[in-house]
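Sharing a structure here in structure tokens format.
The values are calculated or read from the model by the stated rules, or taken from the named source; none is laboratory data. Since the structure is predicted, the reported quantities are computational estimates derived from the model, not experimental observations. Cβ placement follows ideal geometry from the backbone for every residue including glycine, while neighbour counts extend to all protein chains displayed. Heads up: the accessible areas ignore ligands, DNA and RNA and are worked out on the full protein's heavy atoms, side chains in. Shrake-Rupley method; radii C 1.70, N 1.55, O 1.52, S 1.80 Å.
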Amino acid sequence: MIAGAVLLLIGFGYWALPFLDKVPGGENDISVQMKRVAKYRQAVKERGLLEAKITSLNKSLQRAEAGLLTGQTAALAAVDIQNVLNEIALASGVEIRSVQILKSQKQDADPYVGIPVQFTVYATIRQLKDILYRIETSPKFLLTVERIGISVFGASAPGQIRCDITVSGIMNQVKE
């Protein structure tokens, strides 16, 4: 019976322990409150820094989104890429032989979609280097070279190679 009473007393103490912590305890309670106040003050100080960081990140995002494709649909965005590629090919002294718009690359939760376009040119190594440089440094849009396939064109045109290049641009699907 004594063991049962002791167990009952221990159980009651375990149950009442959270309530006893809330009872003011003099200096301990004041030190705990002071620590909480210091923590809240630190959070208030950091708020200004966090707001400045958010503002900076929003400005960076707006600058980056200025380089995105401007079409309302994926097909119109692909036309923008084709126009840029035609300008690049003309400046490099080559002719685009074929253009194929590939299936857009959309992630589920991502508001951005990749628009890949594959084109074929017959060029020299120097012209290919110039084309790749102009694509990567395009001032209009952020374009990236996704894939390059190179094969020898033939013995009739020495120095010419066939290049199948896949270029991808990014478009924001969420329009304000």
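Name the residue that is modelled with the highest pLDDT, counting only residues in region 122-176 that are farther than 25 Å from Leu61 by Cα, of a type in the set (Gly, Ala, Ser) and in contact with a Ser or Thr (Cβ under 9 Å, 6 or more places away or on another chain).
In the first step, residues of region 122-176 are kept if they are farther than 25 Å from Leu61 by Cα; the result is 122-132, 147-166.
With the extra rule that they be of a type in the set (Gly, Ala, Ser), the set shrinks to 123, 149, 151, 154-157, 159.
Subsequent filtering for residues that are in contact with a Ser or Thr (Cβ under 9 Å, 6 or more places away or on another chain) retains 123, 149, 159.
Working: Ala123: 89, Gly149: 92, Gly159: 77.
For region 122-176, the residue satisfying everything is Gly149.
For region 108-127, how many residues meet the condition of being over 19 Å from Thr144 (Cα atoms) and either under 29 Å from the mean Cα position of the chain (by Cα) or assigned to a loop (DSSP other than H, G, I, E, B) (or both)?
Going through region 108-127 one residue at a time, the tally reaches 3.
Keeping to region 85-107, report how many residues are in a helix (DSSP H, G or I) and buried (at least 17 other Cβ atoms within 10 Å of the Cβ). Please lay out each step first, then the result.
Going through region 85-107, the residues in a helix (DSSP H, G or I) turn out to be 85-92.
Now narrow it down to the ones that are buried (at least 17 other Cβ atoms within 10 Å of the Cβ): 85, 88-89, 92.
Total meeting the criteria: 4.
Just checking, which of Gly169, Gly93 is on the phi > 0 side of the Ramachandran plot and touching a residue at least 12 places away in the same chain (Cβ under 8 Å)? Working first, answer last.
Numbers: Gly169 fails: on the phi > 0 side of the Ramachandran plot.
Criteria check complete, one pass: Gly93.
When the residues of region 34-49 are narrowed to those that are open to solvent by 100 Å² or more (accessible area, probe 1.4 Å) and among the hydrophobic types (A, V, I, L, M, F, W, C), which ends up farthest from the chain's Cα centre (by Cα)?
The first filter runs over region 34-49 and keeps only residues open to solvent by 100 Å² or more (accessible area, probe 1.4 Å), leaving 34-36, 39-41, 44-45, 47, 49.
From the residues that got through so far, the ones that are among the hydrophobic types (A, V, I, L, M, F, W, C) too are 34, 44, 49.
Details: Met34: 42, Val44: 30, Leu49: 23 Å.
This residue is Met34.
Looking only at residues in region 108-131 that are under 30 Å from Gly159 (Cα atoms) and among the β-branched types (Val, Ile, Thr), which one is surrounded by the fewest Cβ atoms within 10 Å (Cβ to Cβ)?
My answer is Ile125.
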